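The values are calculated or read from the model by the stated rules, or taken from the named source; none is laboratory data. Bear in mind that the values here come from a model prediction, so they are computed numbers and not experimental data. All Cβ positions, glycine included, derive from the backbone under ideal geometry; neighbour counts span all protein chains shown.
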Amino acid sequence: MKNNKLIQLIKDQVSIPDYYKSKGFPFPERVERSGGLFSCQIHGRDQHPSAYYNPGSKTMHCFACGFTGDVIAAVMAIEKITLSQAIYFILNNFRVDGTIRTASRYVSDKYKDTSRQSIINSVSFSTFQYIDRTGDYSVLVDLDQLMKDNENNKDIPNIFNIFTKFQEKLR
C-alpha cells in the first residue's frame, strides 16, 4: 500500500481517545491509561460501556457491534468515510509530526521570507492536487523530509530548483 509510512505515523501519534475527545465523546482517563471498557460510538450511543480499549496496541473492540480497529478504522466507521478521507480528516484535525502540514507550519513560522514562503505554498498546493488525483498521501512524508533537508538553505534560486523538481515528480 502506498500510504503505509503515513498510516504508521498516524497510528503512532493519534489514538482513539484523542479522536473521541475531539468529538466530545466521553472517554474515561483511566481507560486511556490502562485499558478497559468505554462507550462505543460506532453503533450509536451506548447506555452501558460495551467497547474495550487496549492502550498497548491502540485498538478497540466493541462486544455489542463487533467492531475492531485502530484510530483510522474508528474515524472511517464513525464519520462514514473512506480510508483516504479518514487520513485527510486526521491530518486536518490532529498534529502528526513528519507530514507536510506540520512541516509547512514550522517553515512558515520560522521563515517570514516571502520568496521562500511562496515557493512552499506553491509546492503544498501541487502536492494536495496530486493527492486529490491519486489518493497517495505518502508524498506528504517525502515533502516533509525535503523541507527538513532544506530548512537552513538560504539560497532561494536553489530552493526553487529543488522544489520544482519535486513538483515535476508529482505530474
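Only one entry of Thr68, Thr102, Thr114 meets the criterion of being modelled with pLDDT under 65 and closer than 30 Å to Ile42 by Cα, and that entry is Thr102. Within the range 32-41, being touching a helix residue (DSSP H, G or I) at 6+ places or on another chain (Cβ under 8 Å) and surrounded by 18 or more Cβ atoms within 10 Å (Cβ to Cβ) holds for Glu32, Phe38, Gln41.
Does Asp149 count as more than 17 Å from the chain's Cα centre (by Cα), loosely packed, with under 13 Cβ neighbours inside 10 Å and at pLDDT below 70? Step through it out loud before you land on a result.
On the way: more than 17 Å from the chain's Cα centre (by Cα): yes; loosely packed, with under 13 Cβ neighbours inside 10 Å: yes; at pLDDT below 70: no.
Judged against the criteria, Asp149 is not a match.
Annotation: Lys23 fulfils all but one of (1) buried (at least 17 other Cβ atoms within 10 Å of the Cβ); (2) out of contact with any Gly (no Cβ under 8 Å at 6 or more places or on another chain); the unmet one is (1).
Say whether the condition of being farther than 23 Å from Asp142 by Cα and touching an Asp or Glu at 6+ places or on another chain (Cβ under 8 Å) is met by at least one residue in the range 22-35. Within the range 22-35, none of the residues are farther than 23 Å from Asp142 by Cα and touching an Asp or Glu at 6+ places or on another chain (Cβ under 8 Å).
In this structure, Ile72 qualifies as on the phi < 0 side of the Ramachandran plot, out of contact with any strand residue (DSSP E or B) (no Cβ under 9 Å at 6 or more places or on another chain) and not basic (Lys, Arg).
Taken together, the criteria place Gly36 among residues that are outside the structural domain of Asp142 (by TED's automatic domain parsing) and at positive phi.
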